[in-house]
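The values are calculated or read from the model by the stated rules, or taken from the named source; none is laboratory data. In this text, all values refer to a predicted model and were calculated from it rather than measured experimentally. Glycine also receives a Cβ, built like all others from the backbone with ideal geometry; neighbour counts cover every protein chain displayed. These accessible areas exclude ligands, DNA and RNA; they are computed on the full protein's heavy atoms, side chains included. Shrake-Rupley method; radii C 1.70, N 1.55, O 1.52, S 1.80 Å.
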Amino acid sequence: MTASYTVLERGPVDPPDRPDSAAERDMPRPAGTDAVWRGPTYYGRQALKPAPFEANVVGGYVFLAGLSGASALIATVADLSMGRRAEALVRRGRYTAMLAPTLGSALLAYDLHTPERFYNMFRVAKGTSPMSIGTWILMSFSGAASLCAAAQFAADRGVGPARGIARAASLPAALAGAGLATYTAALFAATSTPLWAAAPRALAVRFGSSAIASGAAALWLGERDGGLTRRLETLAAAALAVDLTADAVSALIYRRTGVAPALSGPAGMVEKVLATGLGAALPLGLYAASRLAGHRPTRGQGALAALAVLAGGALLRISMIKAGETSARRPDISFRFMQPDNLPEADPARDRPTIGRG
């Protein structure tokens, strides 16, 4: 008896041709269009696992970290440059800086879901880990800002040496605050999430400039000195201009690297319309129009602009987190971003073959 067998073919007999690079697959394409991936995927399934963040919670922490760090930095500069004249502004800045050590830390611990994870991060210090570096930046800032705020509280009640202690503690708080305002961008960019990793420098500039604008706007809300309000308005306007410039640069990079479709959904609309449009372009336009007209914004207009800057800063972080999650879930984005033309230039000395070496 002769046995017969039936061979079942599963999948294509010949694998599909894969281009050498995404640029080869995409060319030619009309000028000004996105570099969309049209190559093979694994049955359309996602290749990356999105970061397990709760966008609103982590976005809130990132916003408060930037606001607190910038407030400490602005207050220190104002104290050193203007002294007693800026006393009220400096007081508000030192108290505002406590948002990250208190509410921000609570949000961070909540997102970790297991409280033990928060203090376990302090068991090591790893220079190659943005998470570890950021943990110690937050810890350093929290210690210095807390001492500064406590001394300020005592100085407000007439304790003699407290004012000098507050001024001394404000210097390390300002330095750590500068790092606190931008380290979260480095933390996001160090992941495999395409949108975050595509333009790390532009993302850091956006987070940093938005933090400065938010800090200036928050301190403006309680200021009554006309000269100081003008300086805070100028600082906020300059920071918003930098933010918009970095946004334009990042948009070009996103299109070139093929991750721009991640911003085509609801999160992208929030980023474009609310965070960038109402939170940056509108206040900047209001400041510019008032200067060209030769008068300052009214108190109501200034408050509206300041609140818009604060809301835009928070929505920027939340929308970028959500859009980043979208870029990780969509294989057409992640496969496009993985292509060789998006990799950094290789270092011949570092990548020289090591065969035969001891």
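Per-structure values
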| read-out | value |
| --- | --- |
| Candidate set: the range 279-300, residues that are within 22 Å of PHE63 (Cβ to Cβ) and at pLDDT below 90; chosen: the one least open to solvent (accessible area, probe 1.4 Å) | TYR287 |
| Matching helices (runs of 4 or more DSSP H) fully within the range 212-296 where at least 2 residues are of a type in the set (Lys, Arg) | 226-257 |
| ASP247 being free of Cβ contacts under 8 Å to residues at least 60 places away in the same chain, open to solvent by less than 20 Å² (accessible area, probe 1.4 Å) and farther than 15 Å from TRP220 by Cβ | no |
| Among (1) among the basic types (Lys, Arg); (2) outside any helix (DSSP H, G or I); (3) surrounded by 18 or more Cβ atoms within 10 Å (Cβ to Cβ), the one test that ARG206 misses | (2) |
| Filter pass, ASP111 being at pLDDT 70 or above, in a helix (DSSP H, G or I), out of contact with any Phe, Trp or Tyr (no Cβ under 8 Å at 6 or more places or on another chain) and surrounded by 13 or more Cβ atoms within 10 Å (Cβ to Cβ) | no |
| Members of the range 114-136 found to be open to solvent by less than 50 Å² (accessible area, probe 1.4 Å) and under 15 Å from GLY69 (Cα atoms), listed by number | GLY134, THR135 |
| Tally of residues being surrounded by fewer than 23 Cβ atoms within 10 Å (Cβ to Cβ) and either under 19 Å from the mean Cα position of the chain (by Cα) or of a type in the set (A, V, I, L, M) (or both) across the range 93-107 | 7 |
| The lone exception for ARG330 - which of (1) open to solvent by less than 70 Å² (accessible area, probe 1.4 Å); (2) modelled with pLDDT under 95 it fails | (1) |
| ALA166 vs. criteria more than 29 Å from PHE53 (Cα to Cα) and open to solvent by less than 40 Å² (accessible area, probe 1.4 Å) | yes |
| Any hit, the range 159-166, residues being under 22 Å from ALA213 (Cβ atoms), hydrophobic (A, V, I, L, M, F, W, C) and at pLDDT below 95 | no |
| Condition check for MET139: open to solvent by 80 Å² or more (accessible area, probe 1.4 Å), in contact with a helix residue (DSSP H, G or I) (Cβ under 8 Å, 6 or more places away or on another chain) and either of a type in the set (A, V, I, L, M) or not in a helix (DSSP H, G or I) (or both) | yes |
| Test for ALA185: is it under 26 Å from THR128 (Cβ atoms) and touching a Phe, Trp or Tyr at 6+ places or on another chain (Cβ under 6 Å) | yes |
| The one condition in (1) touching a residue at least 40 places away in the same chain (Cβ under 8 Å); (2) open to solvent by less than 10 Å² (accessible area, probe 1.4 Å) that LEU187 fails to fulfil | (2) |
| MET82 being in a helix (DSSP H, G or I) and in contact with a Ser or Thr (Cβ under 6 Å, 6 or more places away or on another chain) | no |
| Residue list for the range 45-91, restricted to those being of a type in the set (D, E, K, R) and crowded, with 19+ Cβ neighbours inside 10 Å | ASP79, ARG91 |
| ALA305 at negative phi, in contact with a Pro (Cβ under 6 Å, 6 or more places away or on another chain) and part of a helix (DSSP H, G or I) | yes |
